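*Asks:* Have a look at this one.
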Amino acid sequence: MANNHLANPDAELAPLLASVPPAAASMLPDINATRAWLDVNLIAATHRGQEPHLPPKTAYVTKDHTLAVEGGEITVRSYVPASATDGARFPMLFWTHGGGWVIGDLEMDDYYLKILCVELQLVIVSPDYRLAPEYPFPTGINDAFAALKWAKQNTSSFNADLRKGFLVGGPSAGGNLAAVLAHRAKADPEFAQHPLTGQILQYPVTVHPDVVPEEYKENFTAYGQMTDVNMLPTRFMYEFFQLLQGPPADPDVSPLLKPSFDDLPPALVQVCGMDPLRDDGLLYAEKLTKAGVPTRLHVYAGAPHAFHVGFQQTKIAQRFEAELKAGLCWLLAGARGDGRL
């Protein structure tokens, strides 16, 4: 029960949240309708809010690449600062979008990544991994890992220098994928010469609620608290897991269950207090810290899942973005060896 107070609504957000329509009873009857609603409403609204902050088109170059993967092909999008034409080389961020493994595409974070690319002078690579239920677990994580390997092997195409930083990151289910990618890369000899140097986990999914270890159950209460919230109620998470079709206790579904956290890259973890995934992030950050992994944890008390996307004008959302950028700089400074982690 230690974290329940974090769900008390933020004073500035509370009246805004009151205007949010109640969440649907279920997504399951028509997942394609849910995807269409997301495109028309959420993504469009997000882009409208981010558009004033977009850098000029001359400041970056985007390109869509086709990558062959097991059983098909996916698109991988790259964002490169335009100053690369002057011979400059940049750190790389590999970004996996959210959406519960079943919703979303490259457009979801497109404006966001353009802003980060230019402001922080980062190469960003983002895969359009295949979605469940059409492509059940482990297709999505396998696609993402194949794309991560491809990006590592093709740094010259992006003017990237992994010695300056090699990060993975993402929100929600994308944070789940990023966490699993960090574990996979740690264990893969192909990454021995250029290991990941950081991970950005924004309100990540880290454990299926049915397999929470006994030692953590006392502090795993968010699912019980968030049954009636309008932004990602608990029932949606159960439906996402159902559509994913992954074994709950598989560590690639529930990375909190990974047997070892030793030697993982430093982590920035951002957690929303009014979110069924609150305790996923808190427990994962705790386990990283206990394993000696340098970890920055930021908690946004009284803020719902992905609040910074829909309520960009609020002070707490602005703090979220500022702490993301500061955390990215912290991770990059550590990779270069010119900052303390």
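Each reported figure results from applying straightforward, stated rules to the coordinates on display, with no laboratory input. What you are looking at is a predicted structure, and each value in this text was computed from that prediction instead of being measured. Positions of Cβ are generated from backbone atoms using ideal geometry, with glycine treated the same way; all protein chains shown enter the neighbour counts.
*Asks:* Among the aspartates and glutamates, which have Cα under 19 Å from the Cα of residue 217 when same-chain residues fewer than 8 positions away are ignored?
*Replies:* 250, 275, 279, 280, 286
*Asks:* Could you derive backbone 3J(HN,Hα) for the range 256-262 from the dihedral phi with the Karplus parameters 6.51, -1.76 and 1.60 (θ = phi - 60°), listing whole Hz in sequence and x where the residue is Gly or Pro?
*Replies:* 4, 8, 4, x, 9, 10, 4
*Asks:* For the range 1-54, what class follows from the C-alpha gyration tensor (a ≥ b ≥ c being the square roots of its eigenvalues): rounded when a/c is under 1.5, otherwise prolate if a/b is larger than b/c, else oblate? List each step's numbers first, then the result.
*Replies:* Values: a/c = 2.40, a/b = 1.23, b/c = 1.95.
Note, shape of the range 1-54 comes out oblate.
*Asks:* Within 10 Å, Cβ to Cβ, of residue 292, how many net charges do the neighbouring residues add up to if Lys/Arg are +1 and Asp/Glu are -1?
*Replies:* Details: positive: 290; negative: 262, 263.
So the surrounding residues net to -1.
*Asks:* Tell me the trypsin sites (Lys or Arg not before Pro) within the range 263-341 that lie in a loop according to DSSP and have at most 10 other beta-carbon atoms within 10 Å. Show your work: numbers first, answer last.
*Replies:* Working: sites: 278, 287, 290, 296, 315, 319, 325, 336, 340; in loops: 340.
Those satisfying the criteria are 340.
*Asks:* Can you classify the chain as rounded, prolate or oblate using the Cα gyration tensor, where a ≥ b ≥ c are the square roots of its eigenvalues, rounded means a/c under 1.5, and otherwise it's prolate if a/b beats b/c and oblate if not? Spell out each step's value before the answer.
*Replies:* On the way: a/c = 1.35, a/b = 1.25, b/c = 1.08.
It is rounded, given that a/c, with a ≥ b ≥ c, falls under 1.5.
*Asks:* Between residue 24 and residue 321, what is the label-point separation in nm under the 7 Å Cα-to-beta-carbon projection?
*Replies:* For the pair residue 321/residue 24, the computed spacing is 2.9 nm.
*Asks:* For the pair residue 329/residue 227, report the inter-label distance in nm, with labels modelled 7 Å from Cα in the Cβ direction.
*Replies:* 4.5 nm
*Asks:* For residue 86 and residue 215, what is the calculated FRET efficiency with R₀ set at 45 Å and r taken between the beta-carbons, to the nearest 0.05? Numbers along the way, then the final one.
*Replies:* Values: r = 53 Å, r/R0 = 1.18.
The calculated FRET efficiency here is 0.25.
*Asks:* Compute the distance in nm between two label points, each set 7 Å from the Cα along the Cα-to-Cβ direction, one at residue 54 and one at residue 153.
*Replies:* 3.4 nm
*Asks:* Pick out, in residue order, every one of the GluC sites (Glu not before Pro) in the range 1-92 that is DSSP loop and has at most 10 other C-beta atoms within 10 Å; say none if there are none. Each step should come with its number before you reach the end.
*Replies:* Details: sites: 12, 70, 73; in loops: 12, 70.
Taking the range 1-92 and a limit of 10 other Cβ atoms within 10 Å, the loop GluC sites (Glu not before Pro) found are 70.
*Asks:* Going by a ≥ b ≥ c, the root eigenvalues of the Cα gyration tensor, does the range 206-322 fall in the rounded group (a/c under 1.5), the prolate group (a/b larger than b/c) or the oblate group? Walk me through the numbers before you get to the answer.
*Replies:* Working: a/c = 1.92, a/b = 1.15, b/c = 1.67.
Oblate, because a/c is 1.5 or more while a/b does not exceed b/c.
*Asks:* Turning to a different aspect of this structure: If only Cα atoms are counted, what is the Rg of the range 156-246, and what is its Dmax, in Å?
*Replies:* Taking only Cα atoms of the range 156-246, I get Rg and Dmax of 16.7, 49 Å.
*Asks:* Between their Cα atoms, which of 164/315; 63/149; 164/325; 186/287 are more than 28 Å away from each other? Walk me through the numbers before you get to the answer.
*Replies:* Values: 164/315 32 Å; 63/149 18 Å; 164/325 16 Å; 186/287 16 Å.
Over 28 Å Cα-Cα: 164/315.
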